[in-house]
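The values are calculated or read from the model by the stated rules, or taken from the named source; none is laboratory data. Predicted, not measured: the structure shown is a model, and the values here were computed from it. Every residue, glycine as well, gets a Cβ built from its backbone with ideal geometry; the counts of neighbours run over all protein chains shown. Surface accessibility is based on the protein's heavy atoms, side chains included, excluding ligands, DNA and RNA. Shrake-Rupley method; radii C 1.70, N 1.55, O 1.52, S 1.80 Å.
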Amino acid sequence: MNDRYAVIGRPINHTKSPLIHGLFAQATSQSLLYSAIEGDLAGFEAQVLRFRSEGGLGMNITAPFKLRAFELADQSSERAQLARAANALKFEDGQIVAENFDGIGLLRDIEENLAEPLANRRVLLLGAGGAVRGALLPFLQAGPRELVLANRDMAKALTLRNELDHPRLRISRYEELQGQAFDIVVNATSASLSGELPPLPDDVLGETRLAYELVYGKGLTPFLRMAQEQGVARLADGVGMLVEQAAEAFAWWRGVRPATRAVIDRLTIPLA
Ligand code: ATR
């Protein structure tokens with residue numbers, strides 16, 4: 001019988017994970033079965049345990065269950081602990097092990113696929129929710145000159161800064177960004193999901209080389225449109241991150257790292 005994996009989330013009908021992992025399995029000649037499970041708000045934990053008891057070896061976790069998956073795990077990586085969220089689980093020796101590959105997937109997409117290393121760069125991260133929690137540790141490890149985190153709710157930003165006291169990490173109100181310049185700006189807020197624009201000062205993208213929108217498949221979001229209008233050379237959405245975090249999980253589960261370029265190209269929807 002094939003080794004079994006699954007993604008669980010709610011809703012799950014738009015997930016690309018079975019396609020991505022199917023392509024990885026083909027490319028690396030691995031036999032596995034990867035399915036999608038609609039999560040049950042009341043019974044998520046029972047669903048995970050059932051999947052394991054039926055022989056499942058690992059799962060991807062998507063909204064809104066990342067926190068509950070982390071709490072269910074017996075062991076977790078440092079980045080999952082900082083994110084307080086798991087996007088991948090492995091069932092091993094009777095234990096549930098939690099990982100969070102969202103941040104490292106985003107970093108790999110920016111540094112390798114988009115060829116914009118963070119080292120010595122001025123980086124602006126918008127938001128202070130789950131997506132930012134996942135990105136902070138890998139971003140800081142990449143050695144930016146400074147990493148500025150802007151959020152509307154400053155209490156949330158302050159909590160994050162206190163949890164991860166790092167000399168290169170600074171928190172800021174949006175209005176304080178006026179007159180500052182950044183090489184790389186990542187919109188990790190959920191504003192684009194409702195067609196909104198984070199309250200960025202007009203001039204802040206003037207020197208930006210890469211504007212990265214975490215949301216995938218929404219085309220030119222208000223943030224990307226603003227970046228385009230301000231002449232930002234490179235615009236990206238979250239397709240590369242989606243594929244890169246999947247590749248990290250695949251390598252963790254299977255011990256083989258799949259190539260990502262062809263899969264990213266296949267899933268890319270032109271922005272304009
Ligand atoms: P996720 O897990 O996707 O990061 P979340 O934890 O709900 O989602 O966090 C959403 C983030 O998007 C928050 O940082 C939120 O900002 P506040 O903490 O100030 O509320 C941010 N956000 C949502 N809508 C926004 C908007 N229109 N402008 C700016 N930030 C927004």
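Some observations on this one:
- Rounded to the nearest 20 debye, the dipole magnitude of segment 176-272 is 600 debye, with +1 charges on Lys and Arg beta carbons, -1 on Asp and Glu beta carbons, and the Cα centre as origin.
- Given +1 at the Cβ of Lys and Arg, -1 at the Cβ of Asp and Glu and no other charges, the dipole of the chain around its Cα centre is 180 debye to the nearest 20.
- DSSP assigns beta bridges within the chain; of those with both partners inside it, close to 20 percent run antiparallel.
- For segment 1-76, the convex hull drawn through the C-alpha positions has a volume of 94 cubic angstrom per residue.
- Positive-end residue, the chain charge dipole about Cα centroid, Cβ charges, pick of Gln230, Gly55, Ala188: Gly55
- Residue-normalised accessible area of the chain, expressed per residue, 1.4 Å probe, Å²: 44
- Kirkwood-type hydrodynamic radius, segment 103-237: 14.6 Å, calculated from all non-identical alpha-carbon pairs.
- Among 129-142, 28-41, the order from most to least packed when residues are scored by Cβ within 10 Å on average: 129-142, 28-41
- Karplus-derived 3J(HN,Hα), 6.51/-1.76/1.60, for each residue of segment 175-180, Hz, glycine and proline x: 5, 6, 6, 3, x, 9
- Protein accessible area in the chain, 1.4 Å probe - carbon and sulfur %: 47
- The percentage of C-alpha pairs in the chain whose separation is greater than 35 Å is 16%.
- Long-range amide H partners of Ser76 with built H, under 5 Å: Ala98
- Net charge of Cβ neighbours under 13 Å - reference Met226; Lys, Arg +1; Asp, Glu -1: -4
- Mean-position separation - Cα centroids, segment 1-28 and segment 61-125, in angstrom: 18
- The string of couplings for segment 34-47 from the Karplus curve (6.51, -1.76, 1.60, θ = phi - 60°) is 10, 10, 10, 10, 6, x, 10, 4, 7, x, 3, 4, 5, 5 Hz, one whole number per residue in order, with x for Gly and Pro.
- Volume of the convex hull of segment 81-125 (Cα atoms only), normalised per residue: 105 Å³.
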